[in-house]
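Undergrad: Got a structure here, written out as structure tokens. Questions coming.
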């Protein structure tokens, strides 16, 4: 499989070329019209192109954010819906992929360049899946000063109706699809979608391949959350994983590492400048992103604007606290780049932990699935970890701290793969056929070594009526 190279970036994102007016400085720049209007106009004039990947999965480009499509015997499963003006072009490409109807649409977040097509997707038969925060933003008037635009409520027909509050697994078209919430990052309601059999990860706007990302502070996003999300993407990827970004060409794990390292390095240098007392205008004049601009500064978010976004997310002063230093060869990311040795304090502030002396042994308690949910073909499993703090922190240097840090691995029906969950929320699994099943839940430490495990067996009754 060939993916677009960085040299092909302008073609892959041609629909956004007019939005370069944002490159000067964001909300402080003087512009004749909102970039939202300009981007909509560009989408209307830009063709929608398709890049076939593997396992029946394609990516569509040319209508705002990238669109992921899985096509198979059950129908089509789509991630993000682009801009509404592109409806006919998108539907034409979908028909070329195959005759089966659209069944599901996942919104990775609320931004209009990913959700404006919701209404037509729903009219075409899609059940729309998203986080509650995404529906909330779409249901109300939302002002984004950086875009000089106020979004009215979306039409009721375009609102998500299947809301997820924790990791969700679906079986569709022979695929196991894992939908996973991020921490607050690009917005306050971002999701990833991972197609396990094909090993394809769709990240939404937590990953912009080869270009500076936008960070939506109007709804609580921030640079620190973007770094956490970048690390979460790395934790989900292998050297084989195909990664579909929110914007930019299709990428891989090496691209995820480069993106994470860029965020960490610029966050560190801009923080140091801010702590020295620089104003945001002084910072922009100092060109803190100069060494990255040739690669990353050629898209919607220009160097000056991105410097302002990073500056905004850094506290003026941060107290001195104990910190943990990331290992030179991170066991999760595999990174051996210089910025992999940057301490957590440099960009996130230290975790509230102290060196481990002695603690009781960890223990995993798992309840049977709720019977009422099984009757709806939904498996809800509540669990509790004793003497382990469930958080998304990984690596060898997180082993010797207290409270002990860990997360869980989940395997369904002896599958050859598992997923990682660090939300601490009950597990919700859907899409299983009627009959007996089992779920293995492993409590692991920050370096993924098993501390305790439990297997839960249950039966989905015949005639169970799924609800989403």
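Bear in mind that the values in this text are calculations on the coordinates, not laboratory data. If you're wondering where the values come from, they're calculated on a predicted model, not measured in any experiment. Here the Cβ positions follow ideal geometry from the backbone for every residue, glycine too, while neighbour counts run over all protein chains shown.
Undergrad: What's the extension gain from residue 54 to residue 438 if we count 0.36 nm per residue and subtract their Cα-Cα distance?
TA: Details: separation 384, 0.36 × 384 = 138.24 nm, distance 2.89 nm.
So the chain would gain 135.4 nm between residue 54 and residue 438.
Undergrad: Starting from the Cα gyration tensor of the stretch 425-468, multiply each eigenvalue by 5, take the square root, and state the resulting semi-axes largest first in whole Å. Each step should come with its number before you reach the end.
TA: Details: eigenvalues 153, 30, 9 Å².
Here the semi-axes work out to 28, 12, 7 Å.
Undergrad: Here is a further query. Once you place label points 7 Å from the Cα toward the Cβ at residue 399 and residue 156, how far apart are they in nm?
TA: In this crude label model, residue 399 to residue 156 measures out at 5.7 nm.
Undergrad: Full extension from residue 449 to residue 365: what is 0.36 nm times the residue separation minus their Cα-Cα distance, to one decimal in nm?
TA: So the chain would gain 28.5 nm between residue 449 and residue 365.
Undergrad: Along each of its three principal axes, how wide is the spread of alpha-carbon positions in the stretch 157-269, in whole angstrom units, largest first?
TA: Projected onto its principal axes, the Cα set of the stretch 157-269 covers 46, 34, 21 Å.
Undergrad: Given R₀ = 45 Å, FRET efficiency for residue 462-residue 41 by Cβ-Cβ distance, to 0.05?
TA: Plugging the Cβ-Cβ distance into 1/(1 + (r/R0)^6) gives 0.25.
Undergrad: Over the residues of the stretch 365-421, compute the C-alpha Rg and express it relative to 2.2 N^0.38 Å. All intermediate terms of the calculation are to be shown ahead of the outcome.
TA: Numbers: Rg = 14.5 Å, N = 57, 2.2 N^0.38 = 10.2 Å.
In units of the 2.2 N^0.38 Å rule of thumb, it is 1.42.
Undergrad: Hey, another quick one. Tell me, how many Å apart are the Cα centres for the stretch 403-423 and for the stretch 74-109?
TA: Between the Cα centre of the stretch 403-423 and that of the stretch 74-109, the gap is 31 Å.
Undergrad: Place a point 7 Å from the Cα of residue 413 along the Cα-to-Cβ direction; which residues of the stretch 435-468 have their backbone N under 14 Å from it?
TA: 435-440, 458-462
Undergrad: Residue 74 to residue 238: extension gain in nm, 0.36 nm per residue of separation minus the Cα-Cα distance?
TA: 56.3 nm
Undergrad: Further, regarding this structure: Treat the stretch 45-104 as a sphere of radius equal to its Kirkwood radius over Cα pairs and apply Stokes-Einstein at 25 °C in a medium of 0.890 mPa s; give the translational diffusion coefficient in µm²/s, rounded to a whole number. Kindly include the intermediate steps, with their values, before the conclusion.
TA: Working: Rh = 11.4 Å.
Estimated diffusion coefficient is 216 µm²/s.
Undergrad: Based on the Cα atoms of the stretch 363-460, what semi-axes does the equivalent ellipsoid have, where each is the square root of 5 times one gyration tensor eigenvalue, given in whole Å with the largest first?
TA: Over the Cα atoms of the stretch 363-460, the semi-axes work out to 27, 13, 10 Å.
Undergrad: With no solvent and one equal point scatterer placed on each C-alpha of the stretch 6-312, evaluate the Debye formula and give log10 I(q)/I(0) for q = 0.09, 0.12 Å⁻¹, two decimals.
TA: -0.40, -0.73
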